[in-house]
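What follows is a single structure, written as structure tokens, with notes after it.
The values are calculated or read from the model by the stated rules, or taken from the named source; none is laboratory data. Owing to the predicted nature of the structure, the values given are computational and were not obtained by experimental measurement. All Cβ positions, glycine included, derive from the backbone under ideal geometry; neighbour counts span all protein chains shown.
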Amino acid sequence: MILRSGCSESLRRLSFSGFLLVDQTPFHELLFLTPNVTHLNLPLLPSFDGLILYPNGLPSPILPNLKSLTVYNKGHLLFRKRIDAAGLMAMVRSRTVDLSSPVDGNLFQALEEVQISAENNRLPQLRSDWRLLESRELGTTSCSSLTDFATEIEESLRANCWQNAFGATMKQCRELDATMNKMEAIDLSRYSNIEVLIRKNVPYLFHKISKDDTPGAIPGDRLFQLQPRARKLCEKWKPFLLRDAPRSPFYWTLTEDNKCALLRYQPKTLGEDELWNYILTVSCLHSYDFAELTKLTIVFPYISQQFLPINPVLRINPHPASSYPGDGN
């Protein structure tokens with residue numbers, strides 16, 4: 001159909017709905033027919049290996065002009081396992097930092113962003129796996145005791161904050177106070193690397209605590225003065241967090257409900273103020289980002305598909321008889 005239509009060279013946006021079969025060969029053969037696609041929208045694949053860019057690949061490199069990749073999950077049983085962070089990283093790196101030579105930089109478009117939507121809280125895990133891989137690559141992994149501490153703090157803050165105003169118990173209030181005491185007591189100058197605190201979103205969480213003015217959102221705030229203490233922690237930890245923040249060209253943002261993630265490639269090194277803002281807001285997409293994200297993404301649970309009014313656009317549903325709720329097919 002693509003060859004008959006004559007749009008093989010002019011097609012810029014390609015979107016698949018439904019889900020793809022386990023055998024990905026026809027799918028990849030189709031992508032080789034559309035070398036000028038810049039925006040690709042497709043269901044979550046079992047592996048990202050087929051999208052890795054090999055500059056000298058035969059018969060030709062796959063999608064050499066890809067700028068934006070949108071991946072969504074509709075809850076199909078085949079893809080409810082952990083998302084492969086190593087495969088995603090290999091694909092992204094092949095289209096960004098690995099295009100280091102002037103020749104490659106002129107011949108291929110660098111990937112600018114990956115948008116992912118999924119359910120079952122898998123995106124925070126994906127982002128954590130990605131950061132762990134980066135830390136190992138850079139040789140900046142933290143000691144196990146600090147990793148255990150960061151995990152404990154994150155779990156406590158998420159479990160006890162942002163409850164119903166009338167649902168918080170005195171036990172939760174005391175647990176938050178105990179958690180704050182632990183954070184205040186730790187001496188970060190004793191550690192050569194505290195990057196795991198950023199990877200576990202601890203700075204973001206206590207910054208959120210310090211700013212949240214929703215009644216009842218922070219159990220025990222009036223009794224234990226949790227918000228002003230959180231603000232002091234931000235300032236106390238700032239020099240150490242800036243020192244050990246990953247100097248990576250890849251930046252993650254997640255929606256508050258953890259259903260959508262945006263991975264951006266930014267080769268320019270962030271300044272200190274930009275980096276600090278990123279550390280404190282790393283888990284929160286701004287409203288304008290989310291508005292852009294939904295234009296080419298199917299967000300779980302099922303939201304109607306929206307496509308930008310740019311032609312030509314080819315929409316392909318390999319399973320027209322499927323009956324997903326809200327497909328709109």
From the list Arg199, Arg190, which residue is touching a residue at least 60 places away in the same chain (Cβ under 8 Å) and charged (D, E, K, R)? Arg199
Members of the stretch 48-61 that are under 18 Å from Leu111 (Cα atoms) and either surrounded by fewer than 18 Cβ atoms within 10 Å (Cβ to Cβ) or among the charged types (D, E, K, R) (or both): Asp49, Gly50, Tyr54, Pro55, Asn56, Gly57, Ser60
Hey, Ser189 hits all of (1) in a helix (DSSP H, G or I); (2) buried (at least 18 other Cβ atoms within 10 Å of the Cβ) but one; which does it fall short on? (2)
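Let's see how each residue does on (1) part of a helix (DSSP H, G or I); (2) closer than 30 Å to Met89 by Cα; (3) touching a His at 6+ places or on another chain (Cβ under 8 Å):
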{"position": "Ser128", "(1), (2), (3)": "yes, yes, no"}
{"position": "Asp148", "(1), (2), (3)": "yes, yes, no"}
{"position": "Arg174", "(1), (2), (3)": "yes, no, no"}
{"position": "Glu184", "(1), (2), (3)": "yes, no, no"}
{"position": "Tyr204", "(1), (2), (3)": "yes, yes, no"}
{"position": "Gly216", "(1), (2), (3)": "no, no, no"}
{"position": "Pro219", "(1), (2), (3)": "no, no, no"}
{"position": "Lys236", "(1), (2), (3)": "yes, no, no"}
Residues of the stretch 106-134 satisfying the condition of being farther than 25 Å from Pro55 by Cα, small (Gly, Ala, Ser) and more than 10 Å from the chain's Cα centre (by Cα): Ala118
Considering only residues that are closer than 20 Å to Ser8 by Cβ and in contact with a strand residue (DSSP E or B) (Cβ under 6 Å, 6 or more places away or on another chain), look in the stretch 35-61 and name the one that is modelled with the lowest pLDDT. Leu42
If you take the residues in the stretch 171-184 that are of a type outside the set (Lys, Arg) and in contact (Cβ under 8 Å) with a residue 24 or more places away in the chain, which one is surrounded by the most Cβ atoms within 10 Å (Cβ to Cβ)? Leu176
Do we find a residue being part of a loop (DSSP other than H, G, I, E, B) and in contact (Cβ under 8 Å) with a residue 12 or more places away in the chain anywhere in the stretch 222-234? no
Could you please let me know if Glu137 is under 24 Å from the mean Cα position of the chain (by Cα), of a type outside the set (Gly, Ala, Ser) and at pLDDT 90 or above? no
When you check Ser101 against the structure, is it modelled with pLDDT under 90, of a type in the set (S, T, N, Q) and closer than 30 Å to Thr269 by Cα, yes or no? yes
Please find, within the stretch 200-254, the residue that is farthest from the chain's Cα centre (by Cα) out of those that are closer than 18 Å to Glu134 by Cα and aromatic (Phe, Trp, Tyr). Phe250
